[in-house]
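The values are calculated or read from the model by the stated rules, or taken from the named source; none is laboratory data. These numbers come from a predicted model, not from an experiment. Neighbour counts are summed over all protein chains in view; Cβ atoms, including those assigned to glycine, are modelled from backbone coordinates with ideal geometry. Ligands, DNA and RNA are excluded from the accessible area calculation, which covers all protein heavy atoms including side chains. Shrake-Rupley method; radii C 1.70, N 1.55, O 1.52, S 1.80 Å.
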Amino acid sequence: MPTPPQFGPAGRIGLVVPANNSVIEPEFWSVLPPGTALYATRILARGDLTAEAVRRMEGDMDRAVAELAATGVDVILLADMVTTFIMEPGWNMHRTTAVRAITGTPCASAWTAMEAALTALGARRIALGTPYPAAIHALAPPFFEAQGLGLTGHATLDILAMREVPEVQPDRLRDFVHGLAREGAEAVVLLATDLPSFASIAALEAELGIPVLTSNSVLLWQALRLAGNATRLPGLGRLLAAH
């Protein structure tokens, strides 16, 4: 029987993270169950959030995946949601399948994790919020609807500069979520892995009475599942409390 690693015997999570993202690693570290470890590789994103900037960044992903595979992680997460709306249709499935085939390591993207979480909760009608510039945000509702999901409403914080999204404070996020049209919604979905959310999820769920799913919460949930770690994490909403 192989000797378990000294660090991360309960799961070693690998993250491919856009370089402007200063949120997802601290959020994960703040709640990781005992015995899990986190390893991140960054892909360079420059300037404002535009389609061209995202395509350039995605071109660096093969290198980042190879570096995580060399680390010996148990799961690889492609921790960027906006690629879902910029890259060609089917990108998520193609990329995650290719990563697993090449590395032998389970892989999830921000979208495949969100899709799995919505399915697990049985949520088919959602209220959608993003921080994206209006032109990027406009791509998100049609994508969700094409996946068979109904939207009760959607809105954006309309932040153009990539480095400004991590600066969104909990009170601003709360006001934004409360402003979403939610009648008939079975969940609130908040996108972007650089949008701070872990400090807000539990309070928002208590106020709204429905699950609140964020890019980071669903990625952590999926990572633990793929790593075989059944730890429940209270304080991060229904999804992670039930695992």
On the basis of being open to solvent by 60 Å² or more (accessible area, probe 1.4 Å) and either of a type outside the set (A, V, I, L, M) or in contact (Cβ under 8 Å) with a residue 24 or more places away in the chain (or both), does GLY235 make the cut? no
When restricted to THR41, THR83, THR119, the only residue at pLDDT 95 or above and either among the polar types (S, T, N, Q) or closer than 24 Å to GLY179 by Cα (or both) is THR119
Among GLY184, GLY129, GLY148, GLY153, the single one that is over 14 Å from MET81 (Cβ atoms), part of a strand (DSSP E or B) and not aliphatic (A, V, I, L, M) is GLY153
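Residue-by-condition table, conditions (1) out of contact with any Leu (no Cβ under 9 Å at 6 or more places or on another chain); (2) under 17 Å from VAL165 (Cβ atoms):
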site: ARG12; (1), (2): no, no
site: VAL16; (1), (2): no, no
site: GLU27; (1), (2): no, yes
site: GLY35; (1), (2): yes, no
site: ALA40; (1), (2): no, no
site: GLU52; (1), (2): yes, no
site: LEU77; (1), (2): no, no
site: ASP80; (1), (2): yes, yes
site: THR84; (1), (2): no, yes
Given the conditions (1) on the phi > 0 side of the Ramachandran plot; (2) of a type outside the set (Ser, Thr, Tyr); (3) open to solvent by 70 Å² or more (accessible area, probe 1.4 Å), every one holds for ALA192 apart from (3)
Screening THR152, THR214 for residues that are of a type in the set (S, T, N, Q), under 22 Å from VAL17 (Cβ atoms) and open to solvent by less than 50 Å² (accessible area, probe 1.4 Å) leaves only THR214
Of those in region 161-170 that are part of a helix (DSSP H, G or I) and open to solvent by less than 100 Å² (accessible area, probe 1.4 Å), the residue farthest from PHE198 (Cα to Cα) is MET162
By residue number, the members of region 58-116 that are out of contact with any Pro (no Cβ under 9 Å at 6 or more places or on another chain), within 18 Å of ARG225 (Cα to Cα), crowded, with 17+ Cβ neighbours inside 10 Å and of a type in the set (S, T, N, Q) are THR105, SER109, THR112
